[in-house]
1. Compute the relative contact order of segment 212-338 as a whole-number percentage, counting only Cα pairs closer than 8 Å that sit 6 or more residues apart in sequence.
2. Treat each spin label as a single point 7 Å out from the Cα along the C-beta direction, and report the Glu325 to His100 distance in nm.
3. Within segment 308-322, find all residues whose amide N lies under 16 Å from a label point positioned 7 Å from the Cα of Ala256 along Cα-to-beta-carbon.
4. In Å and whole numbers, how far do the C-alpha atoms of segment 289-367 stretch along each principal axis, longest first?
5. Of all the accessible heavy-atom surface of segment 193-275, with the other protein chains kept in place and a 1.4 Å probe, what percent is carbon and sulfur?
6. Out of segment 239-288, which trypsin sites (Lys or Arg not before Pro) are coil in DSSP terms and have no more than 15 other C-beta atoms within 10 Å?
7. Set the Förster distance to 35 Å, then compute FRET efficiency between Arg300 and Ile34 from the Cβ-Cβ distance, nearest 0.05.
8. Taking Cα centroids, how far is segment 152-177 from segment 319-347 in Å?
Amino acid sequence: MSAPLRNGPLRNGIARQAAKIRRWYLIHKWTSLICTAFLLLLCITGLPLIFHEEIDHALGDAPEPPAMAANTPFVNLDRVVAAGVAQYPGTVPQYLIFDHEEPRIAYVTVGETAAATDNHYSMIDRRTARVLHAPDDGNNVMDIIFRLHVDMFAGLPGELFLGLMGLLFVTALVSGVMVYTPFMRRRDFGTVRKNRNTRVKWLDLHNMLGIVTLCWAFVVGGTGVLNTLGVPILNLWQADQLAQMVAPYKDKPAPAKFASIQAAMNTAERAAPDMTPSFLAFPGTVYSSKHHYAVFMEGRTPLTSRLYKPALIDAETGHLTAMREMPWYAKALFISQPLHFGDYGGLAMKIIWAILDIITIIVLASGVYLWLGKRRSALEQRLTELIGGAGSETAATVQA
């Protein structure tokens with residue numbers, strides 16, 4: 001067999017590989033460029049949000065409850081809610097939220113109406129019903145950072161836009177792996193070509209750090225995309241399961257009087273004795289109906305603590321009317337929230353999340369640096385640098 005015929009299939013295979021790498025490279029380039037600025041914003045704002053509890057304490061936005069005897073009982077929840085409403089005259093209660101890391105504290109959210117999105121909240125001592133903290137709404141540092149991170153002060157359109165950027169980020173991760181794989185086959189893991197020019201060294205560092213943080217980036221990117229779908233997921237749950245649960249009350253007028261909040265909570269706890277209350281939604285809020293208190297119960301273990309089961313309590317009679325598991329899509333949303341911020345493993349997990357976040361910032365910034373430098377070079381030269389030098393047969397085929 002002649003040399004040209006013998007080498008033909010090999011060359012064709014190398015040419016196909018080169019064309020494949022070229023396609024993945026272009027996908028990686030453009031998805032990365034489009035989302036990088038927004039990913040940098042999310043990484044930079046996400047860093048302090050990892051430590052939001054510690055920062056809130058340091059800034060005085062989460063004061064410690066005063067020291068009292070360890071066996072001091074909690075007061076009636078009706079008093080706790082009344083204290084929160086009294087803090088903002090002319091408002092109605094929306095949510096009663098429990099802090100399980102600090103059980104002596106509860107948060108009461110109020111608004112001009114139950115459905116109002118412009119609301120206020122107070123931190124209440126459950127032993128005395130005294131207000132410990134009532135911040136100026138949206139004016140503290142962490143609130144501003146949170147809004148930037150979640151929706152860039154643009155509401156649902158901002159959330160969905162950031163979700164799209166998250167999808168591009170996940171695509172960039174997949175395409176980055178496809179581009180980097182040929183490089184990995186020819187070198188030891190983590191190779192940085194120190195004898196080459198600065199840009200090639202940064203290219204190797206960019207690839208190496210990207211691979212090291214790959215799994216974490218997939219988790220944070222994927223859960224971030226899911227979190228941006230929170231409003232549509234909630235709307236779906238309202239139209240589906242919540243509508244079924246409150247159907248018997250569809251044509252009934254709103255209650256003329258309201259049952260005790262404490263009694264409603266006791267009813268929910270008896271209905272789910274192996275669970276603990278996470279929050280109570282008042283009638284008229286998005287998590288309830290105009291006829292019900294909705295008590296969201298959660299598991300007692302780290303795994304089940306984000307799996308909620310709503311108990312609907314008739315707000316007039318205090319009787320339990322319905323209780324069921326949340327659907328799978330809502331469970332996926334609730335589980336993704338602590339995964340996104342590393343908020344399930346204590347301070348050690350937060351530190352790991354912060355380190356990986358900083359590394360991702362370096363990866364993103366180095367990608368911008370490499371792109372600015374590559375603008376002056378041809379695509380074939382960039383691929384040659386990535387694959388490993390003009391001496392390789394694959395690199396020569398890419399240039400052909």
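1. Value for segment 212-338: 25 percent.
2. 1.8 nm
3. Answer for this model: 315-318.
4. So the three principal-axis extents are 61, 25, 20 Å.
5. Roughly 62 percent, rounded to a whole number.
6. Filter output for segment 239-288: Lys250, Lys257.
7. Using R0 = 35 Å, I get an efficiency of 0.20.
8. Taking the Cα centre of each part, segment 152-177 and segment 319-347 sit 22 Å apart.
The values are calculated or read from the model by the stated rules, or taken from the named source; none is laboratory data. Everything numeric here is computed off the predicted structure, so don't read it as measured data. Here the Cβ is made from the backbone with ideal geometry for all residues, glycine too, and neighbour counts use every protein chain on show. When the accessible area is computed, the model is the full protein with side chains, heavy atoms only, and any ligands, DNA or RNA have been set aside. Shrake-Rupley method; radii C 1.70, N 1.55, O 1.52, S 1.80 Å.
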